[in-house]
Every structure is written in structure tokens, then in C-alpha cells.
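The values are calculated or read from the model by the stated rules, or taken from the named source; none is laboratory data. Note that this is a predicted model, so its numbers are computed, not measured. Cβ: placed from backbone, ideal geometry, glycine included. Neighbour counts: every protein chain shown.
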Amino acid sequence: MVSTVVIHETGGPEVLRFEHSTAQAPGVGEVWLEQKAIGLNPLDLSQRSGAVLVPLPCGLGLEGAGQVTAIGPGVGPPIDQGTQHHGQQRQ
């Protein structure tokens, strides 16, 4: 199961929704990450408030750290399940 903090509209903290979904397999060029820590930074707050426009619905938490749990076809350089990561999401 995947859990995500999502906004479907802009506004204050009241627009935050904690959603669960059933996981499918990662697609071509994708990896799945089990986040152990996620930082909310000013960009996340700006997206939530509408100061920075993003397509909605939108998940929050652009930065995180954890490990790779699934690897889709076409991922390179070689990455193994269990590889530790830190960084920012691109999408």
C-alpha cells in the first residue's frame, strides 16, 4: 500500500489529504522508493497555498530519503533493490 499527502485544491493546511492506494508495478524508467524521511520545504508550502501553480491533484514532499523497493525496466545505471537514496522528486 502507498500512502501520500495530496492536495486536490489550494489553500491552508485544511486542504491536505492523507490518501492510500494500491501499488502497481513501476513503469519503464521508474523506481519505487520507500521513504524513511520526507522534508516539507517552502516550495511545498507555496504549492499548497497556490503561490506556485502545479497540476492538481499533487503530492507533497519534494525531498526525501529511504531505499529502492522496486525497479522498472530500462533503469540505469544498474540499481539494486535496497539501494539507499536521498534527493528530490522530478515529477
>> The conditions are (1) in contact (Cβ under 8 Å) with a residue 12 or more places away in the chain; (2) in a loop (DSSP other than H, G, I, E, B), and D44 fails exactly one of them. Which is it?
In response: (2)
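For region 40-65, which residues satisfy the criterion of being more than 14 Å from V6 (Cβ to Cβ), at pLDDT below 90 and not polar (S, T, N, Q)?
Here is the first cut: in region 40-65, the residues more than 14 Å from V6 (Cβ to Cβ) are 41-43, 45-46, 49-53, 63-65.
Adding the requirement that they be at pLDDT below 90 leaves 41, 63-64.
Across region 40-65, the qualifying residues are E63, G64.
Could you tell me whether A51 is free of Cβ contacts under 8 Å to residues at least 40 places away in the same chain, part of a strand (DSSP E or B) and of a type outside the set (S, T, N, Q)?
Numbers: free of Cβ contacts under 8 Å to residues at least 40 places away in the same chain: yes; part of a strand (DSSP E or B): no; of a type outside the set (S, T, N, Q): yes.
No: the conditions fail for A51.
Restricting attention to region 1-19, and to residues there that are among the acidic types (D, E) and surrounded by 10 or more Cβ atoms within 10 Å (Cβ to Cβ), which single residue is nearest to G76 (Cα to Cα)? Outline the logic, then answer.
Going residue by residue through region 1-19, those that are among the acidic types (D, E) are 9, 14, 19.
Right, trim to surrounded by 10 or more Cβ atoms within 10 Å (Cβ to Cβ) and you get 9, 19.
Values: E9: 35, E19: 30 Å.
The selected residue is E19.
Can you tell me how many residues in region 25-60 are among the polar types (S, T, N, Q) and under 15 Å from the mean Cα position of the chain (by Cα)? Let's see the steps before the verdict.
The first filter runs over region 25-60 and keeps only residues among the polar types (S, T, N, Q), leaving 35, 41, 46-47, 49.
When the remaining residues are screened for being under 15 Å from the mean Cα position of the chain (by Cα), the result is 35, 41, 47.
Qualifying residue count, region 25-60: 3.
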> How many residues, within region 20-67, are surrounded by 14 or more Cβ atoms within 10 Å (Cβ to Cβ) and of a type in the set (A, V, I, L, M)?
Replying inline: 8
